[in-house]
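K.L.:
Take a look at the following structure, please.
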């Protein structure tokens with residue numbers, strides 16, 4: 001059970017500095033930079049999380065498979 005501060009109010013939440021994995025901003029970035037479909041971008045983000053080097057490598061391999 002979460003402890004409440006005096007007066008029963010919780011501290012206000014800070015806005016996230018980065019979107020959660022799979023959110024539109026990250027998906028859009030991968031789609032635009034690697035010319036992939038949004039579904040492929042979501043799959044890469046789900047598999048690799050915040051590891052952008054792995055995402056870049058996997059996106060390049062998707063492109064190579066298209067050729």
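K.L.:
Any chance you could count how many residues in region 42-59 are assigned to a helix (DSSP H, G or I), surrounded by 11 or more Cβ atoms within 10 Å (Cβ to Cβ) and touching a residue at least 12 places away in the same chain (Cβ under 8 Å)?
P.N.:
Within region 42-59, residues that are assigned to a helix (DSSP H, G or I), surrounded by 11 or more Cβ atoms within 10 Å (Cβ to Cβ) and touching a residue at least 12 places away in the same chain (Cβ under 8 Å) number 7.
K.L.:
How many residues does region 22-35 contain that are in contact with a helix residue (DSSP H, G or I) (Cβ under 6 Å, 6 or more places away or on another chain) and assigned to a loop (DSSP other than H, G, I, E, B)?
P.N.:
Number of matching residues: 1.
K.L.:
Any residue at all in region 7-21 that is at pLDDT below 80 and part of a helix (DSSP H, G or I)?
P.N.:
So far as region 7-21 goes, yes, one or more of its residues are at pLDDT below 80 and part of a helix (DSSP H, G or I).
The values are calculated or read from the model by the stated rules, or taken from the named source; none is laboratory data. As the structure is a prediction and not an experimental result, all values here were calculated from the model. No Cβ is skipped: glycine too gets one built from the backbone with ideal geometry, and neighbour counts run over all protein chains shown.
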